[in-house]
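Undergrad: The following block contains the structure, expressed as structure tokens.
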């Protein structure tokens, strides 16, 4: 049973405070409720609540804005939702400026109120993953600098292993699932089909023809993939000025586009929020190819994560660069015994035809030729960026402690 997540409510109106508590009583939150700003700050110092519901009119010496500033002073700031009337325009503007993400007005529908709180916890989780990502990046950089020589020796040993596996992976890519292998088998089956009395035509069952058409379509998709790779390296790659906020919008729109695939195994996809002060940062992006790269990464995350789990897309503006990270929990041992991406193979997964798992996921109607990550890497390189596979762990949520996620990080220059 997962641990209830801490939620702090600060409201000087005792009656309204009790109403809020009743509305949240059946939700998976550990409530701390108080009418005092000082008591609220003391409680937050002990528990570090992920989300705070803060009344706009507080009794005592501290105003709501001053309480916000105190809450935001620590290393890990909570998600603050302010309880405020629509007549407090100046307060709303100032609260939003210092970091309040949403506002709840009196009389809000109970179901809508619960949804606002749930979204706040989703944002808190995404921010926790972002912080974990930054810590892990530092840890990985330090580890890489300290062990570069060992890594080079390991890579040389892996080259032999990669060479042995390469042709096996190519064979798997072209023979399993929809595509060339199935099409070849179906065409061979036609040789034994009956003919018309005059022997001039074959009598072919509709089911066989439907399968042929389906596999012909898959082969066409494969040819399109090769054509796009060729186009990518041969044409002038046009980059446009976009903001960090617009890059984040590509990911957000992609979630709507991929909803049918997200629903196949009951997944959910969560995006972090971009602070207003960071959303205006400029970088160079080819819209269409970046969308294709992110789509490939999200589909990979959906295919190789547990049923009903959450895939996260994090966009971060870090001084001279922008990071876009797609991360997911690794699926348990599958049919071929592979779980996640072994560390010794993370430098190889971007090689053409290299596949960690030979399991085919036909329900996603994607190509299974071991070229997807090669395509993504080439797109990122054309943006003068880098992509790496790493892991995220050390979550701040206690019910996720020790959990390790697979993360694909795209780093783009500002």
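Undergrad: May I ask you to list the residues in the range 75-95 that are in contact (Cβ under 8 Å) with a residue 24 or more places away in the chain, surrounded by fewer than 18 Cβ atoms within 10 Å (Cβ to Cβ) and more than 22 Å from residue 24 (Cα to Cα)? Working first, answer last.
TA: Keep residues of the range 75-95 that are in contact (Cβ under 8 Å) with a residue 24 or more places away in the chain, which gives 76, 78-85, 88, 91, 94-95.
From the residues that got through so far, the ones that are surrounded by fewer than 18 Cβ atoms within 10 Å (Cβ to Cβ) too are 76, 85, 88, 94.
Scanning the range 75-95 gives 76, 88, 94.
Undergrad: Now, a different point. Taking residue 386 as the residue in question, decide whether it is modelled with pLDDT of 85 or more, surrounded by fewer than 19 Cβ atoms within 10 Å (Cβ to Cβ) and touching a helix residue (DSSP H, G or I) at 6+ places or on another chain (Cβ under 9 Å). Walk me through how you get there before you give the answer.
TA: Working: modelled with pLDDT of 85 or more: yes; surrounded by fewer than 19 Cβ atoms within 10 Å (Cβ to Cβ): yes; touching a helix residue (DSSP H, G or I) at 6+ places or on another chain (Cβ under 9 Å): yes.
Spelling it out, residue 386 is indeed modelled with pLDDT of 85 or more, surrounded by fewer than 19 Cβ atoms within 10 Å (Cβ to Cβ) and touching a helix residue (DSSP H, G or I) at 6+ places or on another chain (Cβ under 9 Å).
Undergrad: So, in the range 55-74, how many residues would count as being surrounded by 13 or more Cβ atoms within 10 Å (Cβ to Cβ) and within 18 Å of residue 32 (Cα to Cα)?
TA: Qualifying residue count for the region: 8.
Undergrad: Follow-up. Being under 14 Å from the mean Cα position of the chain (by Cα), farther than 19 Å from residue 405 by Cβ, modelled with pLDDT of 90 or more and crowded, with 21+ Cβ neighbours inside 10 Å narrows it down to one of 293, 301, so name that one.
TA: Numbers: 301 fails: farther than 19 Å from residue 405 by Cβ.
293 is the lone residue from the list that is under 14 Å from the mean Cα position of the chain (by Cα), farther than 19 Å from residue 405 by Cβ, modelled with pLDDT of 90 or more and crowded, with 21+ Cβ neighbours inside 10 Å.
Undergrad: Quick check on my filter: what residues within the range 101-134 are outside any helix (DSSP H, G or I), in contact (Cβ under 8 Å) with a residue 24 or more places away in the chain and farther than 30 Å from residue 410 by Cβ?
TA: First, the residues of the range 101-134 that are outside any helix (DSSP H, G or I): 101-109.
Cutting the leftovers down to in contact (Cβ under 8 Å) with a residue 24 or more places away in the chain gives us 101, 104, 106.
Answer for the range 101-134, where residues must be outside any helix (DSSP H, G or I), in contact (Cβ under 8 Å) with a residue 24 or more places away in the chain and farther than 30 Å from residue 410 by Cβ: 104, 106.
Undergrad: Related question: Return yes or no: is residue 90 assigned to a helix (DSSP H, G or I), over 34 Å from the mean Cα position of the chain (by Cα) and within 25 Å of residue 278 (Cβ to Cβ)?
TA: Details: assigned to a helix (DSSP H, G or I): yes; over 34 Å from the mean Cα position of the chain (by Cα): yes; within 25 Å of residue 278 (Cβ to Cβ): yes.
When the stated conditions are applied, residue 90 passes them.
Undergrad: Hey, another quick one. Taking the range 1-20 as the region of interest, how many residues are more than 18 Å from residue 115 (Cβ to Cβ) and either modelled with pLDDT under 90 or over 30 Å from the mean Cα position of the chain (by Cα) (or both)?
TA: Our first condition is that a residue be more than 18 Å from residue 115 (Cβ to Cβ); within the range 1-20, this holds for 1-4, 6, 8, 10-18.
Then drop every residue that is not either modelled with pLDDT under 90 or over 30 Å from the mean Cα position of the chain (by Cα) (or both), which leaves 1-4, 10-18.
Residues in the range 1-20 being more than 18 Å from residue 115 (Cβ to Cβ) and either modelled with pLDDT under 90 or over 30 Å from the mean Cα position of the chain (by Cα) (or both): 13 in total.
Undergrad: Next question, about the same structure. Looking at (1) under 16 Å from residue 8 (Cα atoms); (2) in a loop (DSSP other than H, G, I, E, B), find the lone condition where residue 61 falls short.
TA: Failing condition for residue 61: (1).
The values are calculated or read from the model by the stated rules, or taken from the named source; none is laboratory data. All figures in this text were calculated on a predicted structure; none of them were measured in a lab. Neighbour counts are summed over all protein chains in view; Cβ atoms, including those assigned to glycine, are modelled from backbone coordinates with ideal geometry.
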